[in-house]
Amino acid sequence: MSVETTGAPRAFALPLRRKRLGAELPGWIAYALAAPSMILLCLLMLLPIAVMLVMSLTNYRFGDLSYAFIGVENYLDLADDRTFWRALSNTFVYVAIVVPGSVALGLALAVMTTGLRRGRKIYQMIFFLPVTATVVAMATVWKYLLHGTIGPFNLVLQSLGLPAIDFFSDPDLALTGLAIINIWSLAGFNMVLFAAGLTAIPSELYDAAEVDGLSEPLDRFFSVTLPLLGPTTLFVIVTSTITAFKVFDTVAVITRGGPRGSTDVLLYTTYLEGFSYFRMGSAAAMTVVFLAIIMVFALLQTWVLDKKVHY
Amino acid sequence: MAAAPNHRASPRRASRRRLPWGQIGTHLVLLLLAVLFLFPFYVMLVTSFRSPSELFTPEFHLLPQEFTGLKYYIESITTSPVLTFMKNGVIIALGILVMQILTAIPCAYALAKFEFRGRNLLLALVIFALTVPIQVPALPLYLGLNALGLLDSYFAAMVPFFLSVFAIFLFRQSFKSYPDEIIQAARLDGLSEWAILWRIVVPGSIPAIAAFAVFSITTHWNDLYWPLIVIRSNELMTPPLGLATFADVESGENYGALMATATILTAPLMLVFMLAQRQFVRGVTMTGVK
Amino acid sequence: MMSAGVELDRIEKTYGATTTLRAATLDVKPGEFMTLVGPSGCGKSTLLRIIAGLLPQTSGEVHIDGASIDHLPPRERDIAMVFQSYALYPHMSVAENVATPLKVRRLSRMARLPALGRLLPGQARTRREITDEVRRVADLVEIGPLLERKPAALSGGQRQRVALARAIIRDPRVFLMDEPLSNLDARLRVTMRAEITALHRRLGATFIYVTHDQTEAMTMSSRVAVMMDGTIIQCSTPQGLYEAPEDLRVARFIGSPEINVVASDTVAGWEGGNTRLGQLLQRPLHIAFRPEAVRLSAESAAQTDMLHLSCHIERTERLGHDVLLFLRVLADGAGVTARIPAADFARLDAPGGVLTASLHPADLLAFGPDGKRVALPGLAAATNRGLSHVG
Ligand SMILES: Nc1ncnc2c1ncn2[C@@H]1O[C@H](COP(=O)(O)OP(=O)(O)O)[C@@H](O)[C@H]1O
Ligand SMILES: [Mg+2]
C-alpha cells in the first residue's frame with residue numbers, strides 16, 4: 001500500500017470539487033520531492049541528448065560562428081570513413097578478447113576460491129585488488145611493466161632465454177596488451193559476481209549429485225554448477241561487454257590510439273574528433289552510433305535480468 | 001569405500017586419512033595466479049625504491065640493489081602537485097557525492113512511497129538514463145559550460161554528476177521496503193513529510209547509502225574522461241588527470257618518481273578497501289546482481 | 001485531555017472498482033472501550049486508518065465530539081494509534097521512540113535538529129519535562145528498565161508496551177489499536193488483554209480496539225461492533241451479541257464452537273415442540289441454537305414443549321471442564337454440536353452411542369433467507385445462559 005496523494009482521477013470522477021480531506025497529502029509534496037532531480041535530469045541528460053541528436057545533423061565546428069544543417073551527411077561520411085571503421089572494429093576485437101578472458105578467469109577464480117577450506121578470503125581479496133586500483137595509475141605501471149627494453153616483464157623473459165615482446169610498439173600486439181590489462185582489472189569483479197551466484201546454489205543439489213554418482217569435481221561442475229550459474233553468467237557477460245566497450249583510460253594513457261591506429265577505439269576517436277579537432281557535428285554522429293550500440297547492450301541486459309528473475 | 005556404512009560419511013572419512021590433493025592443487029593454481037595478479041603492484045612498489053641506474057640495466061632483480069628510501073616519494077610530493085591533485089580529488093568526489101545524495105533521496109522517496117501523475121514516466125526516464133554513460137551528453141555539456149564561461153572549474157568537473165539516476169534507482173528499492181506502518185505512525189506523531197524522510201526513513205537505508213557512497217567515490221576518484229575534457233589548469237587537476245599529464249611530461253625518464261606518485265594516488269582507495277572489504281566490495285559491485 | 005465520542009457516518013472506501021467499506025456507521029461514546037471485530041480482510045484496518053486521517057475515505061464523515069474532523073491532517077486530530085506491527089522507529093532507543101510525539105509538539109523546529117538543537121537556549125526545561133513524562137509513562141507500562149534499548153533488542157511483548165507508551169504519552173482524545181496482540185504468543189496475549197483493559201480503566205480515554213479474534217472482543221470490551229464485508233452489521237454488548245445476534249453471520253462468528261444452524265423444514269420434522277413452533281416453521285428459515293442449549297439424556301424423556309432428537313455420538317472432544325459432542329440426528333442425518341459439563345457427560349449412559357437430545361423452543365434463533373434475524377413470537381424465554389461458554 002502506498003501513501004495516497006490528491007489523486008487526479010478522483011477529482012475527475014466527482015462532479016463537484018470536494019474540500020480536500022485532511023488525510024490526503026497535498027499533491028505538490030511528491031512533486032517538490034522529485035523536482036530537483038527532474039530538473040537535473042532534463043538539464044544534464046535529456047536536453048544534452050536532444051542537442052547532440054540535432055548537432056549530428058549539422059556541420060558545426062567548435063568556435064565557428066555559423067553552421068548549416070546538412071542532414072545525414074555526417075553519418076554518410078562515417079560510413080566512408082576508414083578511421084571510424086577501424087576504431088569500430090578495434091573496439092569489437094578488444095571486446096572479443098576481454099569478455100571471454102575476464103568471464104572465464106572470473107568464473108575459474110570464483111569456483112576455485114569458494115571450494116577452498118582455508119584461505120578463501122585472502123585469495124578473493126588479492127584478486128579483487130586490481131578492481132580497486134586507479135586505472136590511470138595502474139596503466140602507467142603496466143606501460144612500464146611491458147616496456148620493450150627496460151620493462152620487468154621483458155627482463156624476466158630474457159633471463160629465461162626467451163625473446164622480448166614489445167606489446168605497445170607492435171601494431172599486432174598493442175590491442176592485446178590493453179586487453180590483458182582490462183582482463184586483469186575486471187576478473188576480480190566478475191569473480192565476486194560469480195561467487196555470489198555460487199553461494200546461492202543449494203548445497204543439497206551437490207549432495208544429490210553425489211548420491212547420483214557424480215563424485216568427480218568436474219562432473220559436478222558441468223552437471224550442477226554451470227547450469228545453475230547460467231543466468232549469472234549471462235549477466236556477467238553483458239556487463240563485461242559494456243565495460244569493455246567503453247574502454248578509454250588505458251588508450252589515452254598508454255597508446256593514444258597508436259601504433260599506427262592499431263588501438264584506436266570508438267570512444268577515443270570520438271573524443272579526439274570532438275575535443276581535439278572540435279568537429280562537433282561528426283563527433284555527435286559518432287556519439288549517436290556509440291549510444292545506439294550501448295542501448296542494444298542495455299536492452300540485452302534488461303532481458304537477461306528479467307530471465308534471471310524468473311529463473 | 002564400499003565398506004563405509006553411510007554414503008555421506010565416506011568422503012569426510014577418506015579425507016581424514018589421505019592428503020586432500022584437490023585442495024593442494026587448487027592452492028597451487030591460485031598461488032600462481034595471485035603472484036601474477038600482484039605482480040604489477042609489486043613492480044610499482046619496488047620501482048619506487050630503485051635507483052635510475054638499476055632501472056636501465058638489462059637485468060631484473062626482485063629487490064632493489066641499492067635502497068633509495070623515500071627519496072622518490074619526497075621528490076614526487078615536492079616537485080609535482082600530487083597533494084593538490086589529491087585535494088582536488090577529495091573535493092570533487094565528495095562534492096559530487098553530497099549533491100547526488102541530496103537530490104536522489106527525495107526523488108527516490110517520492111517514487112517509492114507516493115502516487116502522483118507522471119510517476120511512471122519519471123521512473124521510465126530514470127531507467128533509460130541508467131544506461132547512458134557520461135560520454136553521450138559530453139559534447140553538449142561541454143558547449144553549455146563553455147557558453148557560461150564555467151569551464152576549468154570545480155563546478156564544471158562536478159556538475160554532470162549532480163544527478164545520479166543509479167542512486168535514485170537504488171534508494172527507491174531500499175525505501176520501498178520500508179514499512180508503511182512506521183511512516184503512518186510518524187504522521188500521527190506529528191512529524192512533517194520532510195522530517196519523516198530524513199529522520200525516519202533515511203536512517204533505515206544507511207547500508208544502501210554507504211554502499212552507494214563507496215561506489216560513487218571510487219567512480220569519480222578514478223574518472224579520467226570528464227576531467228580531461230573540462231580541466232585545463234594544473235591546480236584543479238584530479239589524481240588521474242594529474243598523473244596522466246605528469247607521466248607525459250616526465251616522458252618515462254624518472255620511473256622512480258612516477259611509480260611513487262602512482263602509489264600515493266592509488267593508496268587511499270586501496271586502504272579503504274583493505275579496512276572495510278565487505279562494504280567496499282558491496283559498493284563497487286553494486287551494478288551487479290545482488 | 002477529556003475523552004471524546006467518535007461517530008462514523010456512512011463511511012465508504014473504494015479502491016478503483018473494489019469497494020472495501022460500504023456505509024460503515026458507528027457511534028462510540030466518550031470513554032468507551034469499543035471493539036471492532038470481524039474476519040481478516042473485512043476492512044477493519046482501513047476504517048481505523050480513515051479515523052486516524054492516514055487514508056482518505058471516498059465518502060462519509062468522521063466526527064469527534066460532534067465536530068467533523070475530515071479536514072484535519074493526522075497530526076491535528078489528537079488521535080493515537082497502536083499498529084499491528086507496533087511500527088516502532090527501529091533506529092531510535094525506546095526512550096526516543098516514546099518521546100518523539102512530545103518532542104514534535106513541544107520543541108521548536110530548530111531545537112529538534114540533531115545535536116545542534118541541544119545547544120539552543122531556553123529549552124532545557126521542556127526537555128526535562130519530556131524526560132520526566134517518558135519515565136512516568138514507561139513505569140505505567142513497566143518498561144522503565146528498557147528505556148535505553150533499541151526495538152530490535154526487545155521481545156514482542158516489550159515492543160507492544162513501547163508502542164502503548166508512545167500512544168499514552170500524547171494523552172490523546174482517542175486511542176486506536178489495530179490487532180495489537182496478534183503477534184504475541186497465546187499466554188502473553190491473555191496477560192496483555194487484562195493489562196489493556198486495566199489501562200483503559202485507568203486512563204478513562206476512548207478506545208477503539210480492532211481484532212479478528214472474537215474471544216478477545218467478547219472478553220475485553222463494554223461494546224463490540226461486528227464488521228463483515230466492509231460494513232458494521234451489529235453493535236451491542238458482548239452478551240447481547242451472543243444471545244441476540246441480528247444477523248446469521250454474527251451468530252456464526254460469535255461463540256465457539258460455532259452455533260448450530262439447521263434448515264426450518266428439518267426442524268419441523270423433529271419430534272415434540274408445540275403447535276406455535278410448528279406454525280412458525282412453515283416459512284423457509286435458518287434455525288440456529290447454541291451448543292449449550294442442547295440437553296442430553298439416555299432415555300427419551302416426555303416433556304411436551306421440548307424438541308426431541310434421537311442422535312448417535314460421532315465424536316467427542318474434551319475441553320477440560322466441558323465436553324463437546326458431535327451428534328448426528330438418526331432420522332434426517334443433520335449434524336448437531338452439544339456442549340455439556342464433563343461431570344454430566346460422565347453420568348450420561350448412552351448405550352451403543354445413541355442418546356436423546358432435547359431443545360427448548362425458546363432457545364432457537366431464526367434467520368430469514370437474507371440472513372436477518374426473524375422474531376419467533378410466542379415462545380417464552382427459557383434458560384438464561386451466561387457467557388461462561390464463550391471462547
Ligand atoms: N491499497 C489498496 N488497494 C486495493 N485494495 C486494498 C488496498 N488496501 C486494502 N485493500 C483491500 O481492502 C480490504 C480490507 O483490508 P483491511 O482493512 O486491511 O482488512 P482487515 O484489517 O479487516 O484485515 C482487503 O480486502 C484489502 O485487499
Ligand atoms: Mg488489519
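The values are calculated or read from the model by the stated rules, or taken from the named source; none is laboratory data. Owing to the predicted nature of the structure, the values given are computational and were not obtained by experimental measurement. Cβ: placed from backbone, ideal geometry, glycine included. Neighbour counts: every protein chain shown. Side chains included, ligands, DNA and RNA excluded: accessible areas come from the protein's heavy atoms. Shrake-Rupley method; radii C 1.70, N 1.55, O 1.52, S 1.80 Å.
Annotations for the structure displayed:
- Within region C:45-57, considering residues that are open to solvent by 10 Å² or more (accessible area, probe 1.4 Å) and within 9 Å of ligand 2 (Cβ to nearest atom), the one farthest from the chain's Cα centre (by Cα): C:Thr46
- Selection count where residues are under 19 Å from C:His91 (Cβ atoms) and not small (Gly, Ala, Ser), scope region C:131-168: 13
- Residue in region B:206-213 that is at the interface with another protein chain (Cβ under 9 Å from one of its Cβ atoms), in a helix (DSSP H, G or I) and aliphatic (A, V, I, L, M) present: yes
- The residues listed here are C:Ala115, C:Ala186, C:Ala99; of these, the one that is modelled with pLDDT of 90 or more, in the same structural domain as C:Thr46 (by TED's automatic domain parsing) and hydrophobic (A, V, I, L, M, F, W, C) is C:Ala99.
- Consider region C:12-31 and keep the residues that are surrounded by 18 or more Cβ atoms within 10 Å (Cβ to Cβ) and within 16 Å of ligand 2 (Cβ to nearest atom). The one that is farthest from the other protein chains (Cβ to nearest Cβ) is C:Ala24.
- Taking the listed residues A:Ala13, A:Ala23, A:Ala68, the one that is at pLDDT below 85, more than 8 Å from chain B (Cβ to nearest Cβ) and within 25 Å of B:Ala147 (Cβ to Cβ) is A:Ala68, with no other qualifying.
- Filter result for C:His71 (facing another protein chain (nearest Cβ under 9 Å), free of Cβ contacts under 8 Å to residues at least 24 places away in the same chain, more than 22 Å from C:Val226 (Cα to Cα) and not aromatic (Phe, Trp, Tyr)): yes
- Given (1) buried (at least 17 other Cβ atoms within 10 Å of the Cβ); (2) under 16 Å from the mean Cα position of the chain (by Cα), number of the condition B:Leu243 does not satisfy: (2)
- Contact map, region C:167-184: first residue within 13 Å of another protein chain (Cβ to nearest Cβ) and among the polar types (S, T, N, Q), second residue away from ligand 1 (no atom under 16 Å from the Cβ) and open to solvent by 20 Å² or more (accessible area, probe 1.4 Å), Cβ cut-off under 8 Å, separation 6 or more or different chains; pairs are C:Asn183/C:Gly156.
- Condition met for C:Ala217 (within 16 Å of ligand 2 (Cβ to nearest atom) and farther than 30 Å from C:Ile259 by Cα): no
- Qualifying residue in region C:119-129 (condition: within 23 Å of C:Pro145 (Cα to Cα), open to solvent by 10 Å² or more (accessible area, probe 1.4 Å), away from ligand 1 (no atom under 16 Å from the Cβ) and of a type in the set (Lys, Arg)): yes
- Number of residues in region C:109-154 that are of a type in the set (A, V, I, L, M) and under 24 Å from B:Glu193 (Cβ atoms) equals 7.
- Under the condition of being open to solvent by 60 Å² or more (accessible area, probe 1.4 Å) and within 7 Å of chain A (Cβ to nearest Cβ), the residues counted in region B:24-37 number 1.
- Unmet criterion (only one of (1) buried (at least 23 other Cβ atoms within 10 Å of the Cβ); (2) of a type in the set (Ser, Thr, Tyr); (3) more than 16 Å from ligand 1 (Cβ to nearest atom)) for C:Thr35: (3)
- Test: residue in region B:207-217 that is of a type outside the set (A, V, I, L, M, F, W, C), open to solvent by 10 Å² or more (accessible area, probe 1.4 Å) and touching an Asp or Glu at 6+ places or on another chain (Cβ under 9 Å): no
- Scanning region C:58-90 for residues that are within 16 Å of ligand 2 (Cβ to nearest atom), within 25 Å of C:Gln234 (Cα to Cα) and polar (S, T, N, Q) yields a total of 1.
- Residues in region C:195-212 that are open to solvent by 40 Å² or more (accessible area, probe 1.4 Å) and under 23 Å from C:Pro257 (Cα atoms): C:His212 only.
- The set of residues in region A:258-284 that are more than 10 Å from chain B (Cβ to nearest Cβ) and of a type in the set (D, E, K, R) comprises A:Arg260, A:Asp264, A:Arg279.
- Some residue of region C:32-46 being within 12 Å of another protein chain (Cβ to nearest Cβ) and of a type outside the set (Phe, Trp, Tyr): yes
- Every condition in (1) over 30 Å from B:Val281 (Cβ atoms); (2) open to solvent by less than 60 Å² (accessible area, probe 1.4 Å) holds for A:Gly119 except the one numbered (1).
- The listed residue being hydroxyl-bearing (Ser, Thr, Tyr) and facing another protein chain (nearest Cβ under 8 Å), out of A:Thr241, A:Thr233, A:Thr287, A:Thr255: A:Thr287
- Within region A:130-166, tally of residues that are open to solvent by less than 20 Å² (accessible area, probe 1.4 Å) and more than 7 Å from chain B (Cβ to nearest Cβ): 5
- Residues that are of a type in the set (A, V, I, L, M, F, W, C) and in contact with a Gly (Cβ under 8 Å, 6 or more places away or on another chain), drawn from region A:88-109: A:Leu109
- Residue match in region C:137-153 (condition: assigned by TED's automatic domain parsing to the domain that holds C:Leu26, open to solvent by less than 50 Å² (accessible area, probe 1.4 Å) and closer than 28 Å to C:Ser40 by Cβ): yes
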